[in-house]
Amino acid sequence: MGLTGGQEIKKEGLMLKKFFAVLLFIFLLSGTALAFEFSADTISTYKGEHEIKGKIYFKPDKYRMDMKVNEDMIMITRVDKKVIWNIMPAQKMYMEMPFNLKNKPKVDEKFEGEIDRKLVGNETIDGHPAKKYLITYKSGNEKHQVYQWFATDINFPVKTSAIDGSWSQEYKNIKIGSQPDSLFEVPEGYKKIQMPGGMNFKD
């Protein structure tokens, strides 16, 4: 027997809760100042239990993340409209939530709350010469540390990870160049659905 409409929405809600729980570490503490546009493959890991591969498309006021968490998912962030669209291609549906600064991807050299940066080495990441930094930043009343590999040829943080290895994010196959505006719109014919109960993304 197939799922009813209500069961399908409930299933999608549970899947999305898991989806967002896994993604929280990807969009940590970033304020972007990049002026250029690019696309790149992404590899994000969390606690050695989750690995998410995807694709990012970036414009200064628009971002798009394509990834697979159980099934294909697309997250489009529109800073200019102060909204985020979570798109489910298999169901031709999408949900809308308010934009939160914490949802910005890590594409700037300096961390929000950064209070110290120490050069600890030089490495090559995905063919790019990179300086490895130990960064200390403050979030609320707590201090945290991460490693950042900053590519000197393209002035871009190609990899970031927690110092204990509990999470990491890496960009590969970075291609700098103009991105079409159509990538940052909800596809035609997609149905808007309500956010499942208990999912609140407001500040």
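Any idea which of Phe19, Phe58 is surrounded by 15 or more Cβ atoms within 10 Å (Cβ to Cβ) and at pLDDT below 50? Before the answer, list the steps.
Values: Phe58 fails: at pLDDT below 50.
None of the others qualify; the one that does is Phe19.
Filtering the stretch 134-169 down to residues that are closer than 20 Å to Ile43 by Cβ and among the hydroxyl-bearing types (Ser, Thr, Tyr), which residue is surrounded by the most Cβ atoms within 10 Å (Cβ to Cβ)?
Residue satisfying both the conditions and the ranking: Thr160.
Can we say Gly48 is out of contact with any Lys or Arg (no Cβ under 6 Å at 6 or more places or on another chain), under 20 Å from Asn155 (Cα atoms), at pLDDT below 80 and not hydrophobic (A, V, I, L, M, F, W, C)?
Values: out of contact with any Lys or Arg (no Cβ under 6 Å at 6 or more places or on another chain): yes; under 20 Å from Asn155 (Cα atoms): no; at pLDDT below 80: yes; not hydrophobic (A, V, I, L, M, F, W, C): yes.
Spelling it out, it is not the case that Gly48 is out of contact with any Lys or Arg (no Cβ under 6 Å at 6 or more places or on another chain), under 20 Å from Asn155 (Cα atoms), at pLDDT below 80 and not hydrophobic (A, V, I, L, M, F, W, C).
In the stretch 170-189, which residues are part of a helix (DSSP H, G or I) and either surrounded by fewer than 13 Cβ atoms within 10 Å (Cβ to Cβ) or not aromatic (Phe, Trp, Tyr) (or both)?
Keep residues of the stretch 170-189 that are part of a helix (DSSP H, G or I), which gives 181-184.
Once the filter is applied, which keeps residues that are part of a helix (DSSP H, G or I) and either surrounded by fewer than 13 Cβ atoms within 10 Å (Cβ to Cβ) or not aromatic (Phe, Trp, Tyr) (or both), the stretch 170-189 yields Asp181, Ser182, Leu183.
Can you name the residue in the stretch 171-203 that is at pLDDT 90 or above and among the charged types (D, E, K, R) and, of all such residues, is nearest to Thr124 (Cα to Cα)?
Across the stretch 171-203, the extreme among qualifying residues is Lys172.
Name the residue that is farthest from the chain's Cα centre (by Cα), counting only residues in the stretch 77-93 that are among the polar types (S, T, N, Q) and outside any loop (DSSP other than H, G, I, E, B).
Here the residue is Asn86.
For Ile74, all conditions in the list (1) modelled with pLDDT of 90 or more; (2) in a loop (DSSP other than H, G, I, E, B) hold save one; what is the number of the exception?
Exception for Ile74: condition (2).
The values are calculated or read from the model by the stated rules, or taken from the named source; none is laboratory data. None of these values were measured; they are calculated from a predicted model. Using ideal geometry, Cβ is built from the backbone for each residue, glycine included, and neighbour counts are taken over all protein chains shown.
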